[in-house]
Amino acid sequence: MKKTLLAGIFGGLVLFIWGFLSWALLGLHDGTMRSIPNEDEVAAVLKQNITEKSMYLFPGRPAGKSDAEMKMYEEKYKAGPVVLMAYDPAGSDMAMTSQMIVGLLIVIFCAWLVAWILSRSTAIAESYFSRVTFVAVLGLLGTAYHDLINWNWMGFPFDYSIVNVADSIFAWLLAGLVIAKFVKTETK
């Protein structure tokens, strides 16, 4: 248990540091997210019409499910635009201190969970490279489920999704290098 906890802490730190590097310093995701033209005007319309922090879908699904309502919704959806938006009318602090702390705790938990799964698998008795690969494949599973599902069902752009997938696989490969050092069978 102590080794999986240490693997989780150090693996989580690797994930956190890599996330900072890939998003803030290397700018791997910069080309996949664009600014909205006429941002001030769009912001004014949003603030005037939306007051609740939530996820929004545009066009919105009709409250009723009659054939006429669904046909009109389908026509709007086909004509576009289609928007999925996380919206916070209050804004946020750019320092993101609380998000950084919570984010670090989340990646430590995820790395610990992966270390725990590794410790319960047959891969624990394999080579260091095999254990690293096991962790990377778990990372691939997570990103495929999240990012590729969102690409398929929510219409996330392909370039955005592929960069996220590649970033996640590399992050878990790096974390695997650390986790596999801690989680292994005891040699006598």
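The values are calculated or read from the model by the stated rules, or taken from the named source; none is laboratory data. If you're wondering where the values come from, they're calculated on a predicted model, not measured in any experiment. Quick reminder, even Gly has a Cβ in these numbers, built from the backbone with ideal geometry, and neighbours come from all protein chains shown. Remember, those area values only see protein heavy atoms, side chains included, never the ligands or the DNA or RNA. Shrake-Rupley method; radii C 1.70, N 1.55, O 1.52, S 1.80 Å.
Please work out how much length the chain gains when fully extended from VAL83 to MET33, using 0.36 nm per residue of separation minus the C-alpha to C-alpha distance, in nm with one decimal.
Working: separation 50, 0.36 × 50 = 18.00 nm, distance 1.39 nm.
Additional length available on full extension: 16.6 nm.
Whole Å is fine, so just give me how far the alpha carbon centre of the range 5-81 lies from that of the range 112-137.
Result: 34 Å between the Cα centres.
Determine the calculated [θ] at 222 nm for the chain from helices alone, applying -39500 (n - 2.57) to every DSSP H run no shorter than 4 residues and normalising by the residue count; nearest 500 deg cm²/dmol. Spell out each step's value before the answer.
Numbers: 7 runs with 113 residues, N = 188.
Theoretical 222 nm ellipticity from helices: -20000 deg cm²/dmol.
For a Förster distance of 41 Å, can you work out the FRET efficiency between the beta-carbons of PHE20 and SER66, rounded to the nearest 0.05?
On the way: r = 50 Å, r/R0 = 1.21.
Rounded to the nearest 0.05, the efficiency is 0.25.
Relative contact order for the chain using alpha-carbon pairs under 8 Å, separation at least 6, rounded to a whole percent?
Values: 198 pairs, mean separation 70.5, N = 188.
Reported as a whole number, the value is 37 percent.
For the Cα atoms of the chain, what angle does the longest principal axis make with the long axis of helix 158-182, in degrees from 0 to 90, nearest 10?
For helix 158-182, the angle is close to 20 degrees.
Quick one: what Rg and Dmax do you get for the range 1-124 from the alpha carbons, in Å?
Over the range 1-124's Cα set, Rg and Dmax evaluate to 21.4, 60 Å.
Which value, in Å², gives the accessible area per residue of the range 1-144 when a 1.4 Å probe is used on the protein heavy atoms? List each step's numbers first, then the result.
On the way: 10070 Å² over 144 residues.
Accessible surface, normalised per residue, equals 70 Å².
Using only the alpha carbons of the range 113-165, what is the convex hull's orientation-averaged projected area in square nanometres? List each step's numbers first, then the result.
Values: hull surface 16.5 nm².
For the Cα atoms of the range 113-165, the hull's average projected area reads 4.1 nm².
Taking the full set of protein chains and a 1.4 angstrom probe, give the accessible area of TRP151 in square angstrom, rounded to the nearest 10.
100 Å²
Residue by residue through the range 116-128, what is 3J(HN,Hα) from phi via Karplus (6.51 cos²θ - 1.76 cosθ + 1.60, θ = phi - 60°)? Round to whole Hz and write x for glycine and proline.
Here the 3J(HN,Hα) series is 5, 4, 4, 5, 9, 9, 6, 5, 4, 8, 8, 5, 4 Hz.
Using a Gaussian network model of the chain whose springs link C-alpha atoms within less than 10 Å, name the residue from LEU148, LEU118, LEU26 with the highest mean-square fluctuation.
LEU26
Jot down the per residue volume, in cubic angstrom and as a whole number, of the convex hull over the alpha-carbon atoms of the range 51-188.
Looking at the range 51-188, the number lands at 163 Å³ per residue.
Given the options SER121, SER92, SER22, which has the most mean-square fluctuation in a GNM of the chain, springs set between C-alpha atoms less than 10 angstrom apart?
Result: SER92 has the largest fluctuation of those listed.
Under 18 Å Cα to Cα from LYS181, which aspartates and glutamates show up? Leave out anything in the same chain fewer than 8 places away.
GLU126
Note the full-extension length gain between ILE162 and GLU41 as 0.36 nm times their separation in residues minus their Cα-Cα distance, in nm to one decimal.
Values: separation 121, 0.36 × 121 = 43.56 nm, distance 3.12 nm.
Taking 0.36 nm per residue and subtracting the Cα distance, the gain is 40.4 nm.
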